[in-house]
Structures are given as structure tokens and as C-alpha cells.
Amino acid sequence: MTVRPVRPDDVPAVVALVRELADYEKALHEVALTGEQLTSALFGDSPALFGHVAESDGEVVGIALWFLNFSTWRGTHGIYLEDLYVSPQHRGAGLGRELLRTLAAVCVERGYSRLEWSVLDWNASAIDFYKAAGAVPMDEWTVFRLTDDALTAFAEPRSH
């Protein structure tokens, strides 16, 4: 089993794992990601998304997709982990831990001050996994999001 940076030929497997994750999170109907979009985000002229995959016997069975954020308080970049997922039949072998450890190592090597992510409140096994790694929940913070019609409506200029 290995963890390595994502390659262009991994894209179909990564898209499939994103869909598998969304299904697990009861939100498959929200996934619009295509292989072309993922390829462009990861390998286009100005990549804004990065990733690592976990392989078992040459098959991609886990993913960590991430991007850079910035802490104005610390004055450094950090990593925001968008997706961490290992197929259920490959859990328990340490692949999720190795994916997360790899991102922590990227932070340390590059002088980034944070590795952060969101987790669904009901996902007790993930919360336990993250706490065992030493992560702490940000209980005083609430995530807000604008999407779809609300995003479009808010972006429209208003007359005074």
C-alpha cells in the first residue's frame, strides 16, 4: 500500500471515489464533478486543487483532495482538506491515517501553520479518527456557504 501525489491517469478513479464519498454522506445527488473539471483543477494552467491517492495492489482506493488557504493571524498558508476518503473495504489498514499524515508532512515541510477540514456532525467514526490524530474541533465556528440561486442573487449589483 502506498500514498502518492495524484496523476492524470488517476482522475477516473478519483471521480469515482468522490461520488462514493458523496453517496456515503447522503449527498450523491449534489455531485456534478466531471473528469474534465477535475483534470483542469489539478493539472491545468493554474492548478488550484492538489491531491494524493492511496493505492492497494495498484488500485486507487483512497483520496485526499486539498487546496491552500491563508491565515492572516499566523501570516502563513495552510491546507484545507476538501475530501479525505478510503473505500470501506480498505479501511483499517492505515490508509486514511497515512493520507492525513502526508498532508501534515507537506505543511511542516513548507512552513504552513494549519491543516484543517470539515466533518459532518453525525460521522462519529471520522470524528473519533480525527481526535485520535490530535485534531481538535472548532466548536465556536459555524460554516456558512452561498451556492446556486442564493449566490447568483447576492452577486447582483443593487441600485441605491
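Taken together, the values in this text are just the output of simple stated rules run on the coordinates, not laboratory data. From a predicted model like this one, the values you see are computed outputs, not experimental measurements. Quick reminder, even Gly has a Cβ in these numbers, built from the backbone with ideal geometry, and neighbours come from all protein chains shown.
General observations
- Counting only the Cα atoms, the chain fills a convex hull of 168 Å³ per residue.
- Rounded tilt (10° steps) of 11-24 against the dominant C-alpha axis of the chain: 80 degrees
- Contour excess over end-to-end distance, with Cα ends at Ser125 and Thr152 and 0.36 nm allotted per residue: 6.1 nm
- When you count the other C-beta atoms within 10 angstrom of each residue and take the mean per peptide, 78-88, 49-59, 128-138 line up highest first as 78-88, 49-59, 128-138.
- Translational diffusion coefficient of region 28-104 (Stokes-Einstein, Kirkwood radius from Cα pairs, 10 °C, 1.306 mPa s): 113 µm²/s.
- Full extension of the chain segment joining Phe67 with Arg7 gains 20.0 nm, where the gain is 0.36 nm per residue of separation less the Cα-Cα distance.
- Springs join every pair of Cα atoms under 10 Å in this Gaussian network model of the chain, and among Arg145, Arg97, Arg74 the largest mean-square fluctuation is at Arg145.
- Charge-dipole axis of region 50-126 as Lys and Arg at +1 and Asp and Glu at -1 on Cβ define it, positive-most pick from Trp66, Trp122, Cys107: Cys107
- Check: region 2-155 dipole with +1 on Lys, Arg Cβ and -1 on Asp, Glu Cβ, in debye: 540 debye
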